[in-house]
Amino acid sequence: MYPILLGINGIGYGSFTECELNVLPRLMNIIDRGVVENKRPQYPDKSWWTILNMEPTENAPSNPSTAPLVKLTRAILVNIPVVNPTFGLYSIRLDQGTSYEEEASNVVSTIVNAAAKAPVIAAITAPDRFLHENQSIKCNVYSVIDEAIGSLINSGVSAFILFSPYGEPIGPNEGDHEDYGIYIATISRPRHYDTVKLYEIGMLFRDLVDSTLST
Amino acid sequence: MANDTGKDPELDKLLEKKTREMVKGVKNVGNVVELNRNNFNDFIKAHDVAVIDFWATWCAPCFMLEPIIKKLAAEMPNVGFGRLNTEEEPEIAAKYYIMSLPTVMIFKNGEPIDQVVGVVPKKVLQDRIKAYLDN
């Protein structure tokens, strides 16, 4: 399978212990891990454009397919929240119309099918869509995502970067999240004693694709 | 009286005493106090038992430990819970030989008496802290 870049908008390491997850904590103990730093206010579209452009981006270009990371890696896009509805093979509206179970399941099955043909860049938006307004379902959302990651790993994926572009939602405002997200990957980072910046995630995925395709 | 440098040693002592009284007077309501060079020493001296979480922004397990520390702070009101960012205060981290993160250091009467390195279950940490409350 080709490498996968999967972003989960709005999750943080703190809830790994709080929600007693199985897959994600085990994963972070066996492969490279880090902390994504992205200070408030954080918006899904700007955050993802920065990743796709591999440089800090304020003004959104028009077509994600022409972004440098997509062109360089020839990646298939799945559910990317740079527009509403999301962009790519699987697409949903950024509201609560699609359940977190449905999104996680469909994103994973779309990734598995697409990664047989090309690298994949995908997103799960459920924490952002649900947890700004309802923190009481947090561990339900995390458990569903944890299981989805488990089935993705079991499908045979061996090269991936799993990250969140910012931490957990804080309060009802769209741009308010914890400043620190997750980074768990099969590619090592150059500076372990530093946080991962958004534009670096794009670069790291480019390197992961390069190294995977050259072997 | 103020000396030649404009400093008043008696006033300084009074302010220091007042600060300690204020820290002691603050009820622990599940808060973990953010510590730095200005309040670290007062904090560990003001509590019979103080638990300090040494962390850094790049340290993923530090974020996993955070909710455990917060829960313990809520459940153990007799203990002072604080956290110190070792990137911002490397001198304090060096003073206590913090080599790995996260490290939780337990202080009794202002002196370090035990430490736990890495993420451990809440009960493990709780039992370690309790041991020093019973003594």
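The values are calculated or read from the model by the stated rules, or taken from the named source; none is laboratory data. None of the values given here were measured: they were computed from a predicted structure. Using ideal geometry, Cβ is built from the backbone for each residue, glycine included, and neighbour counts are taken over all protein chains shown. These area figures cover heavy atoms from the full protein model, side chains too; ligands, DNA and RNA do not enter into them. Shrake-Rupley method; radii C 1.70, N 1.55, O 1.52, S 1.80 Å.
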For this session: Hey, can you tell me all the residues within the range B:41-75 that are part of a helix (DSSP H, G or I), hydrophobic (A, V, I, L, M, F, W, C), open to solvent by 10 Å² or more (accessible area, probe 1.4 Å) and facing chain A (nearest Cβ under 9 Å)?
Result: B:Phe63, B:Met64, B:Ile68
For this session: Report, by residue number, each residue of the range A:40-99 that is closer than 17 Å to A:Ile121 by Cα, among the aromatic types (Phe, Trp, Tyr) and part of a loop (DSSP other than H, G, I, E, B).
Result: A:Tyr90
Exercise. Out of the residues in the range A:156-186 that are of a type in the set (A, V, I, L, M), at pLDDT 95 or above and not in a strand (DSSP E or B), which is least open to solvent (accessible area, probe 1.4 Å)?
Worked result: A:Ala159
Exercise. Just checking, how many residues over the range A:187-215 are under 21 Å from A:Gly14 (Cα atoms), within 17 Å of the chain's Cα centre (by Cα) and open to solvent by 70 Å² or more (accessible area, probe 1.4 Å)?
Worked result: 0
Exercise. From the residues in the range B:91-121 that are in a helix (DSSP H, G or I) and open to solvent by less than 60 Å² (accessible area, probe 1.4 Å), which one is farthest from B:Phe54 (Cα to Cα)?
Worked result: B:Ile92
Exercise. Looking at the range B:110-121, is at least one residue within 14 Å of another protein chain (Cβ to nearest Cβ) and out of contact with any Pro (no Cβ under 7 Å at 6 or more places or on another chain)?
Worked result: yes
Problem set entry | Enumeration of residues in the range A:22-31 that are more than 10 Å from chain B (Cβ to nearest Cβ) and open to solvent by 20 Å² or more (accessible area, probe 1.4 Å) | A:Asn22, A:Val23, A:Arg26, A:Ile30, A:Ile31
Problem set entry | Filter result for the condition that a residue is closer than 19 Å to A:Leu21 by Cα, of a type in the set (Asp, Glu) and more than 14 Å from chain B (Cβ to nearest Cβ), over A:Glu147, A:Glu174, A:Glu168 | A:Glu147
